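Participant: What follows is a single structure, and I will ask about it in a moment.
The values are calculated or read from the model by the stated rules, or taken from the named source; none is laboratory data. Just so we're clear, the structure is a prediction, and the values are computed from it rather than from any experiment. Heads up, the Cβs are rebuilt from the backbone with ideal geometry, glycines too, and the neighbour counts pull from every protein chain shown.
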Amino acid sequence: MKVVKWIKMAITWTKKSLDLIKGIGASVLAVTLILSLFTNGCSKAKLRDTVQRLTGLELEVFNRTTDVSERDSLLAVIKIEKALVTDSLRKSEAELKRIQSLYGHLQGDYRELSGQLIEITSDSSYQFLQRIAYPFPGKLKYPFNEPQVKSIHLTYLEKNKLQEMNVNLVGQVQEYESQIELRDLTEEFSLESLGLMTETREDINKIIKMKDEIIQMKDDTIKVEERHTTFYKITTGAATVLLIICLL
């Protein structure tokens, strides 16, 4: 009789324990489902926000990369133009040296005019003035002595030589002005290139930082997804076990 009594008590206790376990299991199952839904909702919202941020960063990286490429193309054009200007500057410098050298010869010729006329007779000077220097028609009514004829001849030659020297000096001034303009252009090209390269450097530094941020965000997203996957596996397994217990 005692054995039967103990068996009945054991059965009663087991039923009560199972009822308690079922109640606890149902509560745990409900909490698990709520947590799962809440976590899933938060995960989707965070994932959506992450995708938006990643899209914005990648778009900015694309835009800045495009800007860098465009500046590289512009720098290539500037480099060509600067090379052409530099070549023109070298030619101008060479031309200036040639003109300056010619001016030195003109100065020497000018200084030697008086000495050259000493070897020429007054008659030759007179014939030169009549036929070459001033071949004008008219009556010859003004007589000149030999020194006067020589002086007029010298004055004519000096005037011509000074004109040549003056033209030469004008050419030198023009070359100097051209060189100033070319050097100004070269400086402008250099400043423009420096500005473009500075902007490119800033863009590249920004691109590197954004790419690092993109990589970090993707890594964090992967880790979060891995944790969620593990959580879902655990909660799903626990919920399955609890559901089986509740159905007993």
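Participant: With (1) surrounded by 13 or more Cβ atoms within 10 Å (Cβ to Cβ); (2) touching a helix residue (DSSP H, G or I) at 6+ places or on another chain (Cβ under 8 Å) as the list, and Q174 as the residue in question, which single condition is left unmet?
Facilitator: Condition not satisfied by Q174: (2).
Participant: Here are Y176, Y156: which of them is under 24 Å from F128 (Cβ atoms), in contact (Cβ under 8 Å) with a residue 12 or more places away in the chain and among the hydroxyl-bearing types (S, T, Y)?
Facilitator: After applying the criteria, what remains is Y156.
Participant: Going by the conditions given, is L84 surrounded by 10 or more Cβ atoms within 10 Å (Cβ to Cβ), at pLDDT 90 or above and of a type in the set (A, V, I, L, M)?
Facilitator: For L84, the condition - surrounded by 10 or more Cβ atoms within 10 Å (Cβ to Cβ), at pLDDT 90 or above and of a type in the set (A, V, I, L, M) - is met.
Participant: I want to confirm something. Restricting to segment 119-168 and keeping residues that are among the charged types (D, E, K, R) and outside any loop (DSSP other than H, G, I, E, B), which single residue is surrounded by the most Cβ atoms within 10 Å (Cβ to Cβ)?
Facilitator: Selected residue: K150.
Participant: Another question about this same structure. Would you confirm whether or not segment 151-161 contains a residue that is under 55 Å from the mean Cα position of the chain (by Cα) and either at negative phi or among the aromatic types (F, W, Y) (or both)?
Facilitator: yes
Participant: Please go through segment 127-151 and pick out each residue that is in contact with a Ser or Thr (Cβ under 8 Å, 6 or more places away or on another chain) and among the aliphatic types (A, V, I, L, M).
Facilitator: V149
Participant: Among the numbered criteria (1) closer than 30 Å to Q148 by Cα; (2) of a type outside the set (K, R); (3) assigned to a helix (DSSP H, G or I), which one does D72 miss?
Facilitator: (1)
Participant: Something else about it: Just a yes or no: is a residue in segment 94-103 in a loop (DSSP other than H, G, I, E, B), hydroxyl-bearing (S, T, Y) and free of Cβ contacts under 8 Å to residues at least 40 places away in the same chain?
Facilitator: no
Participant: Still on this structure: Can you name the number of the only condition in (1) within 60 Å of the chain's Cα centre (by Cα); (2) surrounded by 14 or more Cβ atoms within 10 Å (Cβ to Cβ) that R98 fails?
Facilitator: Unmet condition: (2).
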